[in-house]
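Visitor: Submitted below is the structure of interest, expressed as structure tokens.
The values are calculated or read from the model by the stated rules, or taken from the named source; none is laboratory data. Nothing here was measured: the structure is a model prediction, and the numbers come from that model. Neighbour counts are summed over all protein chains in view; Cβ atoms, including those assigned to glycine, are modelled from backbone coordinates with ideal geometry. Side chains included, ligands, DNA and RNA excluded: accessible areas come from the protein's heavy atoms. Shrake-Rupley method; radii C 1.70, N 1.55, O 1.52, S 1.80 Å.
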Amino acid sequence: AHQMIIKKFFLVAVISISLLHSVLAQTSDFSFSVESPLVIGKTFSFRSEIMDEERKILVSLPEDYERSTKRYPVISILDSQLFFQFQYDYGVINALEFMEKIPEVILVGVHSEDREMDMVTAPITEGRGGNADKFIEFFRSELQKFVEQQYRTQPYKTLIGHSAGGYFALRTL
């Protein structure tokens, strides 16, 4: 029964695409145009005294941010140097906002050039890992203050991490 449903769905999809293609091919005034690029955020770079290096973050604001005076919760997403990971989280969060399961939020993607150094508590090997306490302090003393000074935020904050980032988020909790 399950295979029959899949076959019917596939057949309907193929027929729908074929019909759409033939309609579009017959419409002489149909054309595509680029109205505006899809932008999901802005990248910022600032000097971290705690980490003793330049740090990059990606900030994505709610669609109505510029037109409203509301304050928004902040969700920080680790490993935004892996842009596909940030895009994935961005998509899930936007879907939850659309379905009104969560309020609109400010997303802050946090880059890590050396994620093991940033997120792992004890050194793994010589020169690898062991800076998690400094990274937590960077969050508290620099990153959160930067975001709060630049944007209208609520005191409600969430931290999302995957793999070593998940370990870091759990430890931070």
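Visitor: Enumerate the whole-percent occupancy of each 5 Å bin, from 0 to the last occupied one, for all C-alpha pair distances of the stretch 41-151.
Guide: 2, 11, 20, 22, 18, 13, 8, 4, 1, 0, 0
Visitor: Using a Cα-Cα cut-off of under 20 Å, which aspartates and glutamates could be cross-linked to Lys70, ignoring same-chain neighbours fewer than 8 residues away?
Guide: Glu97, Glu100, Glu104, Glu148
Visitor: Using a probe radius of 1.4 Å on heavy atoms only, what accessible surface per residue do you get for the stretch 32-91? Whole Å² is fine.
Guide: With the other protein chains kept in place, the stretch 32-91 gives 66 Å² per residue.
Visitor: Which pairs in the list Lys42/Lys157; Lys42/Lys101; Lys101/Lys134 are over 22 Å apart, alpha-carbon to alpha-carbon?
Guide: Result: Lys42/Lys101; Lys101/Lys134 exceed 22 Å.
Visitor: Could the peptides 158-166, 41-49 be put in order, highest first, of the mean number of other beta-carbon atoms found within 10 Å of their residues?
Guide: Highest mean packing first, the order is 158-166, 41-49.
Visitor: Of the beta bridges DSSP finds with both residues in the stretch 38-173, what % are antiparallel, to the nearest 5?
Guide: Taking every DSSP beta bridge within the stretch 38-173, about 55 percent pair in antiparallel fashion.
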